[in-house]
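Asker: Here it is, the structure in full.
The values are calculated or read from the model by the stated rules, or taken from the named source; none is laboratory data. Since the structure is predicted, the reported quantities are computational estimates derived from the model, not experimental observations. Because the Cβ atoms are built from the backbone with ideal geometry, glycine has one as well, and the counts that use them run over all protein chains shown.
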Amino acid sequence: MAERAPPELMDEVVEEILLRIPPTDPAHLVRAAAACKRWWRLISSPGFGRRWLRKLHGAPLMLGAVRSIVYGGSFRVSFVPAFPFIPPRAGRRGWRALDSRRGCVLLHRELKCFRENNVLAVWNPVTDELRELPPLPGLSRFYTAVLCASGGGGGGDNLDYISGPFLVVVVGIGHEGICICVYSSESNAWGEQNSISHPYYFNEEVRGVYVGNAVYFALWNTTRILDTRILEYDLGTREMAVIDLPPMSSNRIVLMTAEGGGLGCATEKGCRLHMWSREVGSDGFMGWSQRKVIKLRTLKPHGCDILNLDVVGLEDGSGVIYVGTDCGSFTTDLKSRHLKKIQGVGGSEDIIPYMSFNDPALGVASASEGPRAGASSA
């Protein structure tokens, strides 16, 4: 008499098993989805991808890079996927990327290689959705902007800026000095400008960062070498403050989210990258504390010179370090220290790391044709 087949596992048990597939290699999830119809149905169900990334990784996954290049006399922004199964996009001419957060990219319309049009848009490079914002109010000089979640919290759970509420914070020069203006998607309008008179200029080489319920931008003094400060703008109180940089700062600095959720900063000194966080000291005052030191040679292949550097930090200490070199572009995971090359991206290009909770691998798995021919239906 033939042995009876063991009872079939419940969907909840199978899903728990599939949730243990490491997010460091999403290709395994695609292969699992192609194995049988039942696994394909579970993996392609709404919410599985988000639970998979949050449960095992606790942070967005770097899905590629957004690059802005000069093409035919004007800028062109395009998405370069980090995985071969994510389809690349043709790009959008006349736009340049300013910031990226939670799966969306903030774009600025730039024609003929100089800022002549104060128009911004929010773009999802995976779905190619574009939402253009109303024209900016009068600024004599527009510098940069940061994409934020509405309601604070450094990003929160608002994972779809195209349809959900979001803010855009713009900094520039107005009639009264440094000027900040905030757009709200809920009102589809720009708020009143806030100004502060200050002798510093914006450092356009350093991208702004959104941490907690505040945004931060780098300032520099044209009359003093290495005299760089940080401008803080609180979205709740609408107040501005100027913060000193950590000690041992150099020309190359990166503003970021530190482990624990506060303001962080990465500074290059010699052959090392110093990681700082701003926190309350034993004297009761806010100050900088050095959290870790990373040898730059571990972030690139031997013999390559660093041309660009960026850090995307997250509250739990995870994130990536992007390094552009004369040998190409590379990323290093802050936790695993795994070094990975971004294919097709030059080290001197204008690059913004693209991270998202929503994994396009699931789009491949949930295609209308279902799993590949020959797959079982068990």
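Asker: Can you spot a residue in the range 322-336 that is within 24 Å of L219 (Cα to Cα) and of a type in the set (S, T, N, Q)?
Answerer: no
Asker: Further question on the same structure: Filter the range 336-355 down to the residues that are part of a strand (DSSP E or B) and out of contact with any helix residue (DSSP H, G or I) (no Cβ under 8 Å at 6 or more places or on another chain) and list them by number.
Answerer: Across the range 336-355, the qualifying residues are K340, K341, I342, D350, I351, I352, P353, Y354, M355.
Asker: Is there a residue being part of a strand (DSSP E or B), modelled with pLDDT under 75 and within 25 Å of V320 (Cβ to Cβ) anywhere in the range 89-96?
Answerer: Scanning the range 89-96, I find no residue that is part of a strand (DSSP E or B), modelled with pLDDT under 75 and within 25 Å of V320 (Cβ to Cβ), so the answer is no.
Asker: Which of the residues belonging to the range 17-48 are assigned to a helix (DSSP H, G or I), modelled with pLDDT of 75 or more and among the β-branched types (V, I, T)?
Answerer: I17, I43
Asker: While we're here: On the given criteria, is V209 closer than 17 Å to L120 by Cβ and either over 21 Å from the mean Cα position of the chain (by Cα) or aliphatic (A, V, I, L, M) (or both)?
Answerer: no
Asker: Also: Cβ-Cβ below 8 Å, separation at least six or inter-chain, first residue in the range 178-202 and at pLDDT below 85, second surrounded by fewer than 14 Cβ atoms within 10 Å (Cβ to Cβ) and assigned to a strand (DSSP E or B): which pairs?
Answerer: As it stands, the answer is S195/G177; I196/G177; S197/G177; H198/G177; H198/V242; Y200/V242, since those pairs meet every condition given.
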